[in-house]
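Engineer: Below you'll find the structure I mean.
The values are calculated or read from the model by the stated rules, or taken from the named source; none is laboratory data. Please read all numbers here as calculations on a predicted model, not as lab measurements. Quick reminder, even Gly has a Cβ in these numbers, built from the backbone with ideal geometry, and neighbours come from all protein chains shown.
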Amino acid sequence: MAEKTPQIGEINGETMFKPINTLRREPTRSEMQDLETIASAGASFRPGDTPPPPDGGIEAWTQVAMGWIVIFATWGYVNSFGSFQAHYTSTLPQSPFQISWIGSIQVWFTFFGSAFSGRLLDAGFWIPTFLVGAGLQLIGIFMMSLSTSYWHLMITQGVVTGIGGGIIFAPSLALVATYFEKRRGIAIGLVTTGNSLGGTVYPLVVRALLPSIGMPWTARVLGFINLAGFILVAIFMRPRLPPRQTGPIIDWSAFKDTLYVSYVGGLFFFVWSVYYTFYYLASFGQQEVGMSFADSSLITTIINAVGLPTRVLIPVLADRIGPLNTIAPAALCVAIVAYAWVAVHDVAGVYVFSIFYGIASGAFQSLMPTGVASITKRLDTIGTRMGMCFSLVSFAGLSGPPIGGLLQDRSLTGAHIWAALSSTLCAVLLVLARVLKVGWNVKTRC
């Protein structure tokens, strides 16, 4: 009897390899839950992609707190220059126009330095960037305490503190923005309240200490305040995204984006006039309506303090209806209030104007970085684009106060009208940016 030839995969007539379907089993309930989790995550996140923002939690809100400290110590300090302007006008031989250049140089370097520091955040160099920037700002403040002339103050308060602040402020805002998506508006808004509170606290410190302990120790106290805050930031503030090693410092494609250009143009014309108002309002009260130094220095405190509530509430509204839908009306409010400066001729008028201008400008400033984030498509380029935006706007901060001061020497009314027209042009460009993004439908969130 002929033997059966064994087939491949058989031993003694038995199949070695069972059909695959005979090895299947039903997954357990826990395995099904794991599969559902993986599937839902895979719909929005693929290997190599940037993980979605946590949009909350202890770590994210800690970054908000640390970002607040950075803005308090940088822009809060910058916004308090109105108090120094009033003091320098009465103690230095230079004219108000010349003195305003100290504040303008400080604003310019604070804005302009962000072009380079924003890219350093994207590249993963947050810690060394922060340490260099914070160190420079502190050196500038402590050296300011030793300054005895106009040019000393120009270098220490204008250049060195400006460069230091510029290195750290934009990366801190961009870093916070990467932790949030749906709550980004309120997160950035809370951070920018440091601007108002710092602009409130520093003038009060100057007003309280300057007459009793003099300028040198007043400056040192301000430096120690910033040092304490910077220590906390160095310990707790950390970037969320992995480094993006490629890419230029300047994203040239942004200049082909008409939406980005319109938005940045709007911010330019806002900054052009706002720092003229912040810096000259206190000296206006002192020289034009007869306020004392103590009373006029309160103007700087008021104009910053009243903006604090709007910096919290307006971003909440922006999260609901969109940053561009919110910032354009805020710009219009700034312009309307700016025109009212022409009618201010007494102490009461100065106080009323400072209150309304502080509210309107505070609302606007709270949305500036949020708007940049909202028109940036890639999270890993937020640092670069935000830095570019603020570096371009820096030229408005550099030229605005001196131009306003020069116009003011010829015609006070003319200077005030120039500031109002600049704010009006800001509103027009931001409306254009909104239209470029979503069209004329007012119900569309953007």
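Engineer: In this structure, is A318 closer than 28 Å to A373 by Cβ, free of Cβ contacts under 8 Å to residues at least 60 places away in the same chain and aliphatic (A, V, I, L, M)?
Structural biologist: So A318 does not fit the description; no.
Engineer: Could I ask something else about it? Looking only at the stretch 137-166, which residues are polar (S, T, N, Q) and under 21 Å from the mean Cα position of the chain (by Cα)?
Structural biologist: Hits for the stretch 137-166 are Q137, Q157, T161.
Engineer: Oh, and also: I want to confirm something. Restricting to the stretch 206-252 and keeping residues that are at pLDDT 85 or above and among the polar types (S, T, N, Q), which single residue is farthest from Q85 (Cα to Cα)?
Structural biologist: Among them, the one singled out is N226.
A quick yes/no check of all residues on (1) at pLDDT below 90; (2) in contact with a strand residue (DSSP E or B) (Cβ under 7 Å, 6 or more places away or on another chain); (3) within 29 Å of I99 (Cβ to Cβ); (4) buried (at least 24 other Cβ atoms within 10 Å of the Cβ):
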residue	(1), (2), (3), (4)
T258	no, no, no, no
V261	no, no, no, no
W272	no, no, yes, yes
M291	yes, no, yes, no
A318	yes, no, no, yes
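Engineer: Kindly provide the set of residues from the stretch 370-415 that are out of contact with any Leu (no Cβ under 8 Å at 6 or more places or on another chain), farther than 12 Å from S100 by Cβ and hydroxyl-bearing (S, T, Y), ordered by number.
Structural biologist: Answer for the stretch 370-415, where residues must be out of contact with any Leu (no Cβ under 8 Å at 6 or more places or on another chain), farther than 12 Å from S100 by Cβ and hydroxyl-bearing (S, T, Y): T370, T376, T381, T384, S391, S394, S411, T413.
Engineer: Another question, if that's okay. Any chance the stretch 223-238 includes a residue that's outside any helix (DSSP H, G or I), within 20 Å of F169 (Cβ to Cβ) and out of contact with any Ser or Thr (no Cβ under 6 Å at 6 or more places or on another chain)?
Structural biologist: Taking every residue of the stretch 223-238 in turn, at least one turns out to be outside any helix (DSSP H, G or I), within 20 Å of F169 (Cβ to Cβ) and out of contact with any Ser or Thr (no Cβ under 6 Å at 6 or more places or on another chain).
Engineer: Considering F125, F116, F169, F84, which residue is out of contact with any helix residue (DSSP H, G or I) (no Cβ under 8 Å at 6 or more places or on another chain), modelled with pLDDT under 90 and not small (G, A, S)?
Structural biologist: Sole residue among the options that is out of contact with any helix residue (DSSP H, G or I) (no Cβ under 8 Å at 6 or more places or on another chain), modelled with pLDDT under 90 and not small (G, A, S): F125.
Engineer: Considering only residues that are modelled with pLDDT under 95 and farther than 22 Å from G189 by Cβ, which ones fall in the stretch 353-376?
Structural biologist: Selection gives nothing.
Engineer: Scan the stretch 392-414 for residues that are surrounded by fewer than 22 Cβ atoms within 10 Å (Cβ to Cβ) and touching a residue at least 40 places away in the same chain (Cβ under 8 Å) and jot them down.
Structural biologist: Matches in the stretch 392-414: L392, F395, S399, P402, I403, L406, D409, L412, T413.
Engineer: Testing V428 on (1) in a helix (DSSP H, G or I); (2) touching a helix residue (DSSP H, G or I) at 6+ places or on another chain (Cβ under 7 Å); (3) within 17 Å of Y260 (Cβ to Cβ), one condition comes back false. Which one is that?
Structural biologist: Going through the list (1) in a helix (DSSP H, G or I); (2) touching a helix residue (DSSP H, G or I) at 6+ places or on another chain (Cβ under 7 Å); (3) within 17 Å of Y260 (Cβ to Cβ), V428 breaks only (2).
Engineer: Working only within the stretch 293-316, note down all residues that are hydrophobic (A, V, I, L, M, F, W, C), closer than 27 Å to I99 by Cβ and surrounded by fewer than 24 Cβ atoms within 10 Å (Cβ to Cβ).
Structural biologist: Of everything in the stretch 293-316, those that are hydrophobic (A, V, I, L, M, F, W, C), closer than 27 Å to I99 by Cβ and surrounded by fewer than 24 Cβ atoms within 10 Å (Cβ to Cβ) turn out to be F293, A294, L298, I302, A305, V306.
Engineer: Considering each residue of the stretch 249-276, count those that are within 27 Å of P401 (Cα to Cα) and in contact (Cβ under 8 Å) with a residue 40 or more places away in the chain, and give that number.
Structural biologist: Matching residues across the stretch 249-276 total 16.
Engineer: Need the failing condition index for L298 against (1) among the aliphatic types (A, V, I, L, M); (2) assigned to a helix (DSSP H, G or I); (3) under 22 Å from the mean Cα position of the chain (by Cα), just the number.
Structural biologist: (3)
Engineer: So, one more: Within the stretch 345-365, does at least one residue satisfy the condition of being over 24 Å from the mean Cα position of the chain (by Cα), under 20 Å from G266 (Cα atoms) and not small (G, A, S)?
Structural biologist: Within the stretch 345-365, none of the residues are over 24 Å from the mean Cα position of the chain (by Cα), under 20 Å from G266 (Cα atoms) and not small (G, A, S).
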